[in-house]
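Read the structure below first, then the notes.
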Amino acid sequence: MTAQIGTAQAGTVQGALFGDPALIESPADDRTAATQDPREVARIVALAQDPGLLLIERTGLVLRSDPARPGCADAVARHDGDTVAQLLDTGHFKLGGVHHVHHNGSEGPARSILVPRATRDMATRWQHLRPIPQRRAAPKQAPQRTTGVIGVDVVEPGKALVTLGGIGHGGTVLRDGTRYRVENDHGTHIGHASSYRAAARLLARYHGYTPGPVEIEHEHRTYRR
């Protein structure tokens, strides 16, 4: 039984459905795909019980009984057939008696697929398992707004004007003892910093931007006459 199923899965069956099959070799990666999903296995177990599954041994084709047409059956999806083959190979399904069935314009013998009690109990337990919680996707991060190059112009000792790139914001930095007082565009005090560079970064964060590179120019030295 196992060898016949494996052969059928490794090639495409053409010709007589219930007679000697003609096999056309399939690519090496087109083989029976084992499933590790207990929900899929439980679904196939339920399908084998109602409406019932059949196996054409010569071709390995798995059929599903049609309750509306007694004695007729339809082929299951390839993935479902692979799962049935897996359950037969592992002993979770057994082959039963031979039935005469009609399928796709042909007729011939097919064996019923039986579900042992141990398999039914196993599927029942799986159906009562709580689903594994899905890992929450990380929230999408808003694109970071950066200032670009921050210009710090020291216009006189202890005083600098800050321009935050081309975003139209800035502020003033004034020496206040051993630290620097930082004010926004309107002269509102927003904090203290340890240096001109730290003050420029503080202004960038105050306006909601990620600080970019800081360039400091001492105009009172550059243009001193």
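Residues in the range 122-154 that are within 19 Å of ARG39 (Cα to Cα) and surrounded by 10 or more Cβ atoms within 10 Å (Cβ to Cβ) were compared, and the one that is modelled with the lowest pLDDT is LEU129. In the range 151-173, the residues that are touching a residue at least 40 places away in the same chain (Cβ under 8 Å) and within 15 Å of PRO211 (Cβ to Cβ) reach residues that are open to solvent by 50 Å² or more (accessible area, probe 1.4 Å) and among the aliphatic types (A, V, I, L, M) with C-beta atoms within less than 9 angstrom, at least six apart or across chains, in these pairs: GLY151/LEU161; GLY151/ILE216; VAL152/LEU161; VAL152/ILE216; GLY165/VAL149.
The values are calculated or read from the model by the stated rules, or taken from the named source; none is laboratory data. This structure is a prediction, so every number in the text was calculated from the model and none was measured. Because the Cβ atoms are built from the backbone with ideal geometry, glycine has one as well, and the counts that use them run over all protein chains shown. The area values use the complete protein model at the heavy-atom level, side chains included, leaving out ligands, DNA and RNA. Shrake-Rupley method; radii C 1.70, N 1.55, O 1.52, S 1.80 Å.
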